[in-house]
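Undergrad: Can you keep this structure in mind? I'll have questions shortly.
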Amino acid sequence: MTASNRIPLAGVIGSPVAHSKSPLIFRTWLRQLGLRGYYIPMDVSSADLEAALRNLPKLGFVGVNVTIPHKEAVLQMADQVSDRAALIGSANTLTFLDDGRIYADNTDGYGFLENLRQTAPGWDPKSGPAAVLGAGGAARAVLSSLIDAGAPEIRLTNRTRSRAEALAREFGTKVRVQDWVQAGNMLDGAATVVNATSLGMTGKGELRVPLDALAKTALVTDLVYAPLETPLLAQARSIGCTTVDGLGMLLYQATPGFERWFGMKAEVTEDLRAVVLR
Ligand code: NAP
């Protein structure tokens, strides 16, 4: 078989990987678009990661998504790294180029922004400061995309203040760190509010931030999507804010990889959301 008539293979690499929604998302798109191709979950240990990545192109793989715990490690193994992956410090989308080289990209920030743009078309990131809670891997993608989108100031808070300060040093003077215990204060005048902590997720603790200072003109979004409407979103909605759940980010971050690997644009639709929620 020549490379051109091979059925394209893609997948997601992580450990564990059984929880990943990516196979469901990609298989739904492949089916809807009537494309030939397979998408496979692969549980690969850190010790086997590099060998797996070097061998997958030889087996017909055109690319893979990467999830916990390999998102940082793959950057060292890639031959080419996109600017945004370098800035975020991790990759979630690897494309195997025709010559076998590995191109690493991070589409989390794209997914985050695209979800807000499509779901809340009236939202203008430039219209006021953003308030971001959390300083983990997801927060890095959120910061880079908000800066890209022209947010004039980013107020950042995290339980472990030193992690927020490290991000502020990396991302520049637009990012101002606030104390976790005073997180409510940073909502005053914020145009965009983002929960990038894992609080609010089913089985995790509650995010306890007083919303008294929140204006109803603010857009509030949560990266957590289980439950779909977190207590933060429910409260913000009751104030009158526009709210956007985190499921769209998960779906939109997958679209660039799909297009690169299978050659057609994938749509994020209500049907897809329903399939993933089922
Ligand atoms: P991470 O790197 O492990 O960071 C976790 C963050 O949550 C840190 O800021 C951490 O603060 C904070 N946190 C955890 N437990 C806390 C507690 N009890 N009290 C206060 N803060 C706490 O995880 P991540 O990759 O950034 O992911 C964060 C969340 O975003 C997760 O829920 C993840 O599922 C979600 N996410 C969603 C998408 C999507 O597509 N919708 C994409 C990526 C991530 P410390 O630094 O103090 O520990």
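The values are calculated or read from the model by the stated rules, or taken from the named source; none is laboratory data. The structure displayed is predicted, hence computed values, not measured ones. Glycine also receives a Cβ, built like all others from the backbone with ideal geometry; neighbour counts cover every protein chain displayed. The protein model used for the area step is the full one, side chains on, heavy atoms only, and it has no ligands, DNA or RNA in it. Shrake-Rupley method; radii C 1.70, N 1.55, O 1.52, S 1.80 Å.
Undergrad: What pairs come up if the first residue lies in the stretch 263-278 and is closer than 16 Å to GLY37 by Cβ, the second is open to solvent by less than 40 Å² (accessible area, probe 1.4 Å), and their beta carbons are under 6 Å apart, counting only those six or more places apart or on different chains?
TA: From the stretch 263-278, the pairs are ALA266/TRP29; ALA266/THR255; ALA266/PHE258.
Undergrad: Separate question: From the list ASP245, ASP222, ASP271, ASP212, pick out the single residue that is acidic (Asp, Glu) and closer than 29 Å to LEU9 by Cβ.
TA: Checking each option against the conditions leaves just ASP271.
Undergrad: Considering every residue within the stretch 200-209, establish whether at least one is closer than 30 Å to GLY11 by Cα, within 15 Å of the ligand (Cβ to nearest atom), under 13 Å from the mean Cα position of the chain (by Cα) and not aromatic (Phe, Trp, Tyr).
TA: Within the stretch 200-209, not a single residue is closer than 30 Å to GLY11 by Cα, within 15 Å of the ligand (Cβ to nearest atom), under 13 Å from the mean Cα position of the chain (by Cα) and not aromatic (Phe, Trp, Tyr).
Undergrad: Right, here's the next one. Can you tell me which residue in the stretch 237-278 is least open to solvent (accessible area, probe 1.4 Å), limited to those that are over 18 Å from the mean Cα position of the chain (by Cα) and charged (D, E, K, R)?
TA: ASP271
Okay, residues lined up against (1) without any contact (Cβ under 8 Å) to a residue 60 or more places away in the chain; (2) assigned to a helix (DSSP H, G or I); (3) open to solvent by less than 20 Å² (accessible area, probe 1.4 Å); (4) within 11 Å of the ligand (Cβ to nearest atom):
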| position | (1), (2), (3), (4) |
| --- | --- |
| LEU53 | yes, yes, yes, no |
| PHE112 | no, yes, yes, yes |
| GLY122 | no, no, no, no |
| ALA139 | yes, yes, yes, yes |
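Undergrad: Being of a type in the set (Gly, Ala, Ser) and crowded, with 18+ Cβ neighbours inside 10 Å is the filter; apply it to the stretch 57-81 and report the residue that is farthest from the chain's Cα centre (by Cα).
TA: So the residue we want is ALA78.
Undergrad: Here's something else I'd like to know. Within the stretch 100-110, is there a residue that is open to solvent by less than 10 Å² (accessible area, probe 1.4 Å), at pLDDT 95 or above and polar (S, T, N, Q)?
TA: Yes, the stretch 100-110 has at least one match.
Undergrad: Consider LYS126 against the criteria (1) assigned to a helix (DSSP H, G or I); (2) within 16 Å of the ligand (Cβ to nearest atom): it satisfies all of them except one. Which criterion is unmet?
TA: (2)
Undergrad: Residues ARG273, ARG278: which one is within 16 Å of the ligand (Cβ to nearest atom), out of contact with any Cys (no Cβ under 6 Å at 6 or more places or on another chain) and not hydrophobic (A, V, I, L, M, F, W, C)?
TA: Only one candidate passes the filter, namely ARG273.
Undergrad: Mind listing just one residue for me: the one in the stretch 159-185 that is charged (D, E, K, R) and assigned to a loop (DSSP other than H, G, I, E, B) and, of those, farthest from VAL142 (Cα to Cα)?
TA: Going through the qualifying residues, I end up with ASP179.
Undergrad: ARG163: without any contact (Cβ under 8 Å) to a residue 60 or more places away in the chain, within 15 Å of the ligand (Cβ to nearest atom), of a type outside the set (S, T, N, Q) and open to solvent by 30 Å² or more (accessible area, probe 1.4 Å), yes or no?
TA: So ARG163 passes the test.
Undergrad: Check LEU133, LEU156 and return the single one that is at pLDDT 95 or above, in the same structural domain as LEU233 (by TED's automatic domain parsing), buried (at least 16 other Cβ atoms within 10 Å of the Cβ) and near the ligand (Cβ under 9 Å from one of its atoms).
TA: Exactly one of LEU133, LEU156 is at pLDDT 95 or above, in the same structural domain as LEU233 (by TED's automatic domain parsing), buried (at least 16 other Cβ atoms within 10 Å of the Cβ) and near the ligand (Cβ under 9 Å from one of its atoms), namely LEU133.
Undergrad: State all residues of the stretch 228-278 that are within 16 Å of LEU207 (Cα to Cα) and of a type in the set (Gly, Ala, Ser); if no residue qualifies, say none.
TA: ALA234, ALA236, GLY246
Undergrad: Under 9 Å between Cβ atoms, at least 6 apart or on separate chains: pull out the pairs that start in the stretch 187-211 with a residue that is at negative phi and of a type in the set (Lys, Arg) and end on any residue that is within 15 Å of the ligand (Cβ to nearest atom) and in a loop (DSSP other than H, G, I, E, B).
TA: That search, which allows pairs on different chains as well, returns LYS204/THR197; LYS204/SER198; LYS204/VAL224; ARG208/LEU199.
Undergrad: I'm trying to understand the selection: among the residues of the stretch 80-105, which are of a type in the set (Asp, Glu) and in contact with a Gly (Cβ under 9 Å, 6 or more places away or on another chain)?
TA: ASP105
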